[in-house]
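Encoded as structure tokens, the structure appears first; notes follow it.
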Amino acid sequence: MRRTLSAVAATLLAAFLLPGTARPADDDPKFGEFSASYLMGILKTDKVAKKRRAALSGLEQIGLRSSKGILTIIGALKDDEDVEVRQAAAQALGRLAQKAEETREPKEERPRNVEVRDGCLEALRGSLQKDKDPKDPEKDKKRARVREACATALGRVGSELLIIKKDADREKSLIAQFTTSVPALTEALKDADPGVRAAAAESLGRLSEYAREAVPALVETFKDKKADRFVRGYAAFAIGRIGGASAKEAVPTLAEAVTDKDTPADLRRSAATALGALKDDGAGGAAALGKALQDANVDVRRAAATSLGQIGADARAALSALKDAVKDQDKFVRAQALHVLGTMTQDADDVVGILINATQDQVLEVRLAAIEAIGNLGPAASVANGTLTKLKTDAQAAVREAATEALKKLAKTEKN
């Protein structure tokens, strides 16, 4: 039988920490045979960093059962002399803050859990800003691992509430923490270490609409051609996730990068993806995405096709390129281009012939995309009735079903 993570951690802990003669009090919360007070003593005073990290791991397993244990981890993040211990403390505090955020029952414990969460996040913000050694680049490079862990944690705690919003009071409390973290993360975009900058950009993206004030700094980060490409990639990700009027102002910058051959392919892809994430607001980059459909890199072409689909009918500036893309060597690009053409009802007369031809593609997914696109075009696609009727007898069941559904759509739109 496989052992649980806690069981494995307890075994590892026992390998490092041998209990002393003093036995813990019975009411002291334990992890395995070790009490919180014993582990706190090790973390505070032991001279061996490996033992302190082991004790820290044990305190994390005890978790919300010991407020003093959490405070001791916070103290380790601030004051421990070993970088690896501080890094482990930052990671542990991020997980503990998340656990405190997720724990709703019993309800009487919620205020305490909120305090724990907020205390952990405050400590993470503090170390993100202060755990530095600007006078010694080599030492600062090591300390950057702590800052990176802090930046990562600040974007992960509670971010699922941006998708599922059920508890208004809980959300309000958490959003207050989001908005408090944004300035610290924005400042971290200027950090000397690329790992810290990338983590800060990613976390700002995870905080989504609550990080809108950070967009100008993210744009500058993305425009910095001297920056690490991962930093720039996460900046593009963040801009797309945040959205809104401020992000719309980034469209020209993203569009320029999409078509710049000197920009690395992964960044062209990131810029294209960000434009799609902006949806209607990304329409100003449609022409650039159209050009990207001819990119030599297939991942860039795929990202451009997907983003044009997210923009939809407002992507008319890419119409000519989309018509060419239905002949792309990549089946995903062909299928996605057909889907987008199916949204352009105002240009139905111009594209229906292309869609009819695509129903004969050798790849099933592409054929289905063409058939569905014809149905989505409405009355102007009635010239395809004959083609769809023939496809109702196709050898492929999926094609027969798709053709039948498309004919129903055309009949329905004609009646309306």
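Couple of notes before you dig in:
- Subset of region 240-252 (residues that are more than 20 Å from SER203 (Cα to Cα) and either open to solvent by less than 30 Å² (accessible area, probe 1.4 Å) or part of a loop (DSSP other than H, G, I, E, B) (or both)): GLU249, VAL251
- Answer residue from region 173-191, given it is at pLDDT 95 or above and open to solvent by 50 Å² or more (accessible area, probe 1.4 Å) and is nearest to GLU101 (Cα to Cα) among those: THR180
- Each residue in region 382-404 was checked for being under 41 Å from the mean Cα position of the chain (by Cα) and open to solvent by 90 Å² or more (accessible area, probe 1.4 Å), and 1 pass.
- Looking across region 104-134, just one residue is among the aliphatic types (A, V, I, L, M), in contact with a Cys (Cβ under 8 Å, 6 or more places away or on another chain) and within 15 Å of ALA92 (Cβ to Cβ), and that is LEU124.
- Among the residues of region 89-112, those that are open to solvent by less than 20 Å² (accessible area, probe 1.4 Å) and under 20 Å from LEU43 (Cα atoms) comprise ALA89, ALA90, ALA92, LEU93, GLY94, LEU96, ALA97.
The values are calculated or read from the model by the stated rules, or taken from the named source; none is laboratory data. The model shown is predicted, which means the values in this text are computed figures rather than measured ones. We place every Cβ from the backbone using ideal geometry, glycine too, and count neighbours over all the protein chains shown. The accessibility values were calculated without ligands, DNA or RNA, using every heavy atom of the protein model including side chains. Shrake-Rupley method; radii C 1.70, N 1.55, O 1.52, S 1.80 Å.
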